[in-house]
Every structure is written in structure tokens, then in C-alpha cells.
Amino acid sequence: MTFTFQRYGPLMPVDRESTCRVIDDAHLTIYQRKAIADRAAAPRFMNYGAVYDSDGVLVEESQRRGGLQGDFYIAGDPPVHRAARIAERFDGTWLYAGNWMGQFGHWLTETLPNVWPLPHSDVRGIIAHRFAFDSSERSWQRAMLDAAGASGLPLHIVNDRPVSVQRLLVPSRPVVINGFAAPEAVDVWERVGATLATPTTHPRVYFSVTDHRTGATVNPTRVFDNQAEADEVFAAHGFHVVTPEAVSIEEQISLARGAHVLAGWSGSALHLSIFAPSTTRVLELGDIRSGSAPVPHQRVLTAARGQEHGFIPAGQQVQNRRPYDIENLARVLGSL
């Protein structure tokens, strides 16, 4: 069977025009997550934390639209909310950046694009709601945020204390996970890539997860028995093999932006394809979670960038072992 790349379209159409509403005397409710009773399948959680206007009416653009294609979270904010005592007040004009995702791939694709009104908006700072993941600000996030036009702007993340803002810009979210990515998102990714990337000499790049770690231990949900052997096959076929978290965010973006073929396992590292041009071919390897078909959100991203997308299935589990189909992998790489 001949291996082919293809161009995907979005999983759902961009269903509304991008807007940026100005909310005077805005109120931001606290962040909460509540499990949906008796739900084993997605969606499994109600997500709370949104913007309300001075009359207590929900600003729908502030909500994360979730629940598609296996996403676990849907918005549960009531349409009207009467503010109790406000814990903190922010004067001046601030930009609302949606949910501050602590997980790499979600932050790249669901948080960063929300600052699309920058750098043309005159704001005092950026404000966002936290999410289920860790919500601390990291240096790699600040580097990309600054490159998007937020250099020098303070960040406030709303957690368990409600706040009010004198004047809040609330942009519509240009990315719906597992749905679509609007042109405003692509503009942000291109701006960040053009600012942070430097020329590289690696036309073939493979992002390995062999050394992917969560805390101090290897994440067992992402590891095949012969993962290191897969790395060797990529190296033998002329790929520059790199563990993304072992290099700076600038180098990660540079490698993605300069690659003619960008390969990696389904998930966050391969989402760096958002910084690559339309001429880059994206090669996705099915992992333990998504072994037989491309991850829906990766399809959304390659569609938004106009890239060709190839997929190699993970193969079958054998007697509680999870070997990757190395022979098929070598065959595909040899055909490129």
C-alpha cells in the first residue's frame, strides 16, 4: 500500500466573524471545575469562569467552546451572574486572553492565539482565567507572548478570587479545539515564528518523546517498548532527532519553521507545526492514545496552515506489550 500525504479541511467551519468587544466595568468570576455525574465518556467536566458585563450578563465570547471529538470540558457559566464583593479591581484597559493553559500543546493553540488584537491595541496588561492544568507563567510562555506583541505587559490569572476590570477587551477565540482555527490564530503563530526563529540546516526534523518526562519520571502513557528503535530509524533516514523539551522554545520553533518534513508522535510536540509554512509536510505517528487515526486537533492545525499531513498507525498491542511497527515505519520513511 502506497503511503500518501493529504490536505485536510477543518473539522467544522469557522462559524462566526472574529470580533473584539469592549466591556466597561467587567466582572470576572472565579475558576471552577466540576465533574459531570456518571460520565465515563467525554465530556466529563463542567468548566466555570467567564466575563460578565456591568449588568451581570454573560459575555459569551469569553467562554471556551469545548466538548468536541473527545474533549473533556464544556462551559457551564450561567447566563446571568450577580457579582458579590469583588476581591480585586484593575483600572485602565486590559486584554482578556481566555484560559491560561498549563499544558504545552493547549497553550500554543488555545491561549496564545487569543492575543490576536495585539500589538495594535493599547492595553495596560493581560488577564486570563486559569484552567484545569497548572496555571503558572513560564519563561517559554512569556517569550512567545512577548513575540506576539505583549512585551512588557503584566499578566494576571484569575483563580479563586473574582476581579473587576475598568475596561476589558474580549476577543472572540480564534481556535476551537478539534473544530477549527481562524485566520487570526495563524496570524499570531506567524508573528511569533517570524520573531523567534533563526535559520536552521535540518530539512527533516523528528520530535522524539523517548525521553518525554512528567516531573521526574517517564510518562508511561506515551511510551512504546521499542521507542528508542524508532528514533534510530528516523536518524538512519536523515532526520534530525531532537527531544523538544531539551532545547529552548526558540530552537523548537526554528526547527519546525525550517523543516521540509516535520515528524512526531500525536500530541503536543507535533503541534509546533503551527509555526511551519504551508510547504512543510507533517508526518504524525499514532501513539497509544490515538493509534489508528490522526488526532483531530492536529488535523485542525495542519488544515489552518495549509500543510500536507501524513499518518502512520501505531500497530497492534501484543500480549500486554506495546511495540511500534518498526518495519512499516522504515518502509514509509524510505518512500519519502
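The values are calculated or read from the model by the stated rules, or taken from the named source; none is laboratory data. Quick caveat, the model's predicted, so the values are computed rather than measured. Cβ coordinates were reconstructed from backbone atoms using ideal geometry, including for glycine residues, and neighbour counts include every protein chain displayed.
Out of curiosity, is Phe207 farther than 13 Å from Ala276 by Cα, buried (at least 20 other Cβ atoms within 10 Å of the Cβ) and at pLDDT 95 or above? Walk me through it before giving the result.
Numbers: farther than 13 Å from Ala276 by Cα: yes; buried (at least 20 other Cβ atoms within 10 Å of the Cβ): yes; at pLDDT 95 or above: yes.
Criteria met by Phe207.
Does any residue of region 225-238 turn out to be over 30 Å from Pro323 (Cα atoms), outside the structural domain of Gly98 (by TED's automatic domain parsing), at pLDDT 95 or above and not hydrophobic (A, V, I, L, M, F, W, C)?
No, the conditions are met nowhere in region 225-238.
Listed here are the strands (runs of 3 or more DSSP E) enclosed by region 219-287 that have at least 3 residues being under 17 Å from Ala314 (Cβ atoms): 261-265, 281-285. Identify the residue in region 1-22 that is in contact with a helix residue (DSSP H, G or I) (Cβ under 9 Å, 6 or more places away or on another chain) and farther than 20 Å from Asn178 by Cα and, among all such residues, is surrounded by the most Cβ atoms within 10 Å (Cβ to Cβ). Ranking the candidates gives Arg21 first. For region 151-188, the set of residues classified as surrounded by 15 or more Cβ atoms within 10 Å (Cβ to Cβ), over 21 Å from Asn47 (Cα atoms) and out of contact with any strand residue (DSSP E or B) (no Cβ under 6 Å at 6 or more places or on another chain) consists of Ala182, Glu184, Val186, Val188, listed by residue number.
Residues that are among the hydrophobic types (A, V, I, L, M, F, W, C) and within 14 Å of the chain's Cα centre (by Cα) within region 98-131 comprise Trp100, Met101, Phe104, Trp107, Leu108, Leu112, Val115, Phe131, listed in sequence order. For Arg33, the conditions (1) more than 19 Å from Val158 (Cα to Cα); (2) surrounded by 13 or more Cβ atoms within 10 Å (Cβ to Cβ) all hold with the exception of (1). When region 191-211 is filtered for residues that are closer than 16 Å to Leu262 by Cβ and in a helix (DSSP H, G or I), only Gly193 remains. If you go through region 268-318 and keep only what is crowded, with 18+ Cβ neighbours inside 10 Å, modelled with pLDDT under 95 and polar (S, T, N, Q), you end up with Ser268, Ser290. Restricting Glu284, Glu251, Glu308 to those that are in contact (Cβ under 8 Å) with a residue 60 or more places away in the chain, charged (D, E, K, R) and within 19 Å of Arg204 (Cβ to Cβ) reduces the list to Glu308.
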